[in-house]
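Written out below as structure tokens is the structure these notes cover.
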Amino acid sequence: GREKMMKLSIMRDFLESDESEFLVHSLLENWGFEKDSVQFLRASSNFVFVFERNGEKYILRITPNGDRNKLMEEVTFLSFLSMNEVSVNRPERSKKGNMVEETKNDVGVFQAVVFRFLSGAQYEIEELSERQLYLWGEALGNLHNCSKQFIKKSSSRNDYVQQLTDLENFLPESESSARRELETLKTWFMTFDINEANYGIIHFDFELDNLIWDGDNVQMIDFESSMEHWYTADIAFALRDLFNGDVDFSNNSFQLFLEGYRSKMHVTDKEINAIPMFLRFHDLITFADLLRTVDVENDLNNPQWTIALCNKLESKIDDYRDGFKRREK
């Protein structure tokens, strides 16, 4: 999936702490749960657990130091999609009637959202049939078509502009190639128009990792990165494993995806031709996310898994850096 992650120090402190189980249980009290059913699933930008209540399975997602407004926007959007027959992982209200509950401990403030557990199959890209490639595109087209009808509370906020500003403020002067790439992209974005047909809330990570297939029904999870952007960006980000840095528009899988997409949503050739630029943008965002994440001294005081993860991320950072340098040539 997308490499967006929390800071390694938070991940380490939470997973190594004796209090974590207490924190997880105190959050789950808000919904009710069976004590021995709680299992840790994974950690990336969130901590994800699975648990049971009255014989039903649920997902608990814990966000460290999350932006409460952004979480509320996410759950509002999910509820809207769900009412419009889009198969999304709808949040469950707590006993108090809240979609988001929070608690704090020494590590920080933690927000929790609970989702029903979606069952079904997950696939790698090479396992998809032609029909499934079409359905994948159709599901994204359907999502965007619904997104167009969604009226946002704060429609003045251009998320991608905020994203560019954040990159500008965050990227250290020493990362000169990355900063030049940012300038190139900023200039390019200014040539691209924004209108109601091509710009709205996107998923941002419509990869196969975030889809659970129940036959032909494509169920979507993990809307935490969703934001206002060009719909084309979503196509680019969804297919980045297919393109793997080299966009071949004649690729049969891409054609099938696009055909499915266009059955639900209009997209111009100009927007499709912009995919390589959106993939460059994705590289830059991911690079910045990785720099943020690696905030622990890589020393022996850390648990083994932290050191291993740190090394893995450092080598990814180097790969992106090389890529930005090559573009300058």
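The values are calculated or read from the model by the stated rules, or taken from the named source; none is laboratory data. No experiment lies behind these values; they were computed from the predicted model shown. A quick note on method: Cβ atoms are made from the backbone with ideal geometry, for glycine too, and the neighbour counts reach across all protein chains shown. SASA here: full protein model, heavy atoms, side chains in, ligands and nucleic acids out. Shrake-Rupley method; radii C 1.70, N 1.55, O 1.52, S 1.80 Å.
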Among the aspartates and glutamates, which have Cα under 12 Å from the Cα of residue 270 when same-chain residues fewer than 8 positions away are ignored? 193
Run the simple label-point estimate for residue 42 and residue 188 please: 7 Å along Cα→C-beta, distance reported in nm. 2.8
Quickly rank 107-117, 226-236, 165-175 as a protection proxy: mean count of other C-beta atoms within 10 Å, highest first. 226-236, 107-117, 165-175
To the nearest 0.05, how large is the calculated FRET efficiency for residue 316 and residue 85 if R₀ is 35 Å and r is the Cβ-Cβ distance? 0.35
Grab the beta carbon distance between residue 255 and residue 103, set R0 = 56 Å, and tell me the FRET efficiency rounded to 0.05. 0.70
Distance in nm between pseudo-label sites at residue 117 and residue 308 (7 Å out along the Cβ direction from Cα): 2.6
Quantify, in whole percent, the carbon and sulfur part of the accessible surface of the chain (1.4 Å probe; protein heavy atoms only). 46
C-alpha center-to-center spacing [segment 13-51, segment 222-267] in angstrom: 34
So how much slack lies between residue 216 and residue 292, counting 0.36 nm per residue of separation and subtracting their Cα-Cα distance, in nm? 23.5 nm
As an exercise, use a Förster radius of 35 Å and the Cβ-Cβ distance of residue 176 and residue 209 to find the FRET efficiency, rounded to the nearest 0.05. 0.60
Computed [θ] at 222 nm, deg cm²/dmol, the chain (DSSP H ≥ 4; -39,500 (n - 2.57); rounded to nearest 500): -14500 deg cm²/dmol
Residue 166-residue 96 pseudo-label distance in nm [points 7 Å out on the Cα-to-Cβ vector]: 2.7
